[in-house]
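Structure, as structure tokens:
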Amino acid sequence: DAGITQSPRHKVTETGTPVTLRCHQTENHRYMYWYRQDPGHGLRLIHYSYGVKDTDKGEVSDGYSVSRSKTEDFLLTLESATSSQTSVYFCAISEYEDRASRPLHFGNGTRLTVT
Amino acid sequence: GIQVEQSPPDLILQEGANSTLRCNFSDSVNNLQWFHQNPWGQLINLFYIPSGTKQNGRLSATTVATERYSLLYISSSQTTDSGVYFCAVGGATNKLIFGTGTLLAVQP
């Protein structure tokens, strides 16, 4: 199994509070991703990183920011949580070979509830 | 952006039956992957298959990139195959777009 750890696994927070989710990998992969999963929507990309301090937006980036100061860590921050951000958040990693990213491997997810 | 459609949305099988899941996509892709999400929520990568055919045990997948579809075959299904199967595709960027999945229930 790919060495990906997400923390916390569960979190309940109040509307308007900041929240940071952490993803840690031990695989030294170049690419890291944050997805959210909601019923009826499958998985949607929030942000991704293609190297230290190199990030880009995904499909649903509004209200989220990310940071990657080390290869192994990718942080997702909700600056001011809203109820619409209640979701399951997955981190994923992939390697880069032959000018393309390769198989994606997921962490076990963080269930976030915003009350 | 690229659109991904999976069919059927739901599928119920008796143990031992075979099935075919389909993934259609709207544009050229250079990345296509199949995933299984088990009932505990874990997402497992089954295949990285931008083109051609691959097999892994009872599972196999075929992607016909020129016709913009991929198929996932499950043979001799087992109860442990239950869960949601996702197809995800990527084009010129490294962003993978997921379909909404096929929910499979294998009954003993």
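Structure data summary
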{"read-out": "Selection from the range B:59-102 of residues that are facing another protein chain (nearest Cβ under 10 Å) and of a type outside the set (Gly, Ala, Ser)", "value": "B:VAL84, B:PHE86, B:CYS87, B:THR93, B:ASN94, B:LYS95, B:LEU96, B:ILE97, B:PHE98, B:THR100"}
{"read-out": "Hits in the range B:59-74 (condition: crowded, with 16+ Cβ neighbours inside 10 Å and under 22 Å from B:GLN3 (Cβ atoms))", "value": "B:ALA61, B:THR62, B:THR63, B:ALA65, B:ARG68, B:TYR69, B:SER70, B:LEU71, B:LEU72"}
{"read-out": "Positions within the range B:41-99 being closer than 17 Å to A:PHE106 by Cα and among the aromatic types (Phe, Trp, Tyr), in sequence order", "value": "B:PHE47, B:TYR48, B:TYR85, B:PHE86, B:PHE98"}
{"read-out": "Residues of the range A:15-47 satisfying the condition of being in contact with an Asp or Glu (Cβ under 6 Å, 6 or more places away or on another chain) and within 11 Å of chain B (Cβ to nearest Cβ)", "value": "A:ARG44, A:LEU45"}
{"read-out": "A:ARG9 within 11 Å of chain B (Cβ to nearest Cβ) and either in contact with a His (Cβ under 8 Å, 6 or more places away or on another chain) or at pLDDT below 95 (or both)", "value": "no"}
{"read-out": "Test: A:SER83 is more than 21 Å from B:TRP34 (Cβ to Cβ), surrounded by 14 or more Cβ atoms within 10 Å (Cβ to Cβ) and not aliphatic (A, V, I, L, M)", "value": "no"}
{"read-out": "Residue satisfying condition, being surrounded by fewer than 22 Cβ atoms within 10 Å (Cβ to Cβ), more than 15 Å from the chain's Cα centre (by Cα) and within 13 Å of chain A (Cβ to nearest Cβ), within set B:ASN30, B:ASN45, B:ASN56, B:ASN38", "value": "B:ASN30"}
{"read-out": "Residue match in the range A:74-87 (condition: under 16 Å from A:THR26 (Cα atoms) and free of Cβ contacts under 8 Å to residues at least 60 places away in the same chain)", "value": "yes"}
{"read-out": "Qualifying residues in the range A:18-57 (those that are part of a loop (DSSP other than H, G, I, E, B) and in contact with a His (Cβ under 9 Å, 6 or more places away or on another chain)) - the one surrounded by the fewest Cβ atoms within 10 Å (Cβ to Cβ)", "value": "A:GLU27"}
{"read-out": "Test for B:GLN107: is it among the polar types (S, T, N, Q), at pLDDT 95 or above and under 25 Å from A:TYR48 (Cβ atoms)", "value": "no"}
{"read-out": "Any chance B:THR20 is among the hydroxyl-bearing types (Ser, Thr, Tyr) and over 10 Å from the mean Cα position of the chain (by Cα)", "value": "no"}
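The values are calculated or read from the model by the stated rules, or taken from the named source; none is laboratory data. Bear in mind that the values here come from a model prediction, so they are computed numbers and not experimental data. Neighbour counts run over all protein chains shown; Cβ positions are idealised from the backbone, glycine included.
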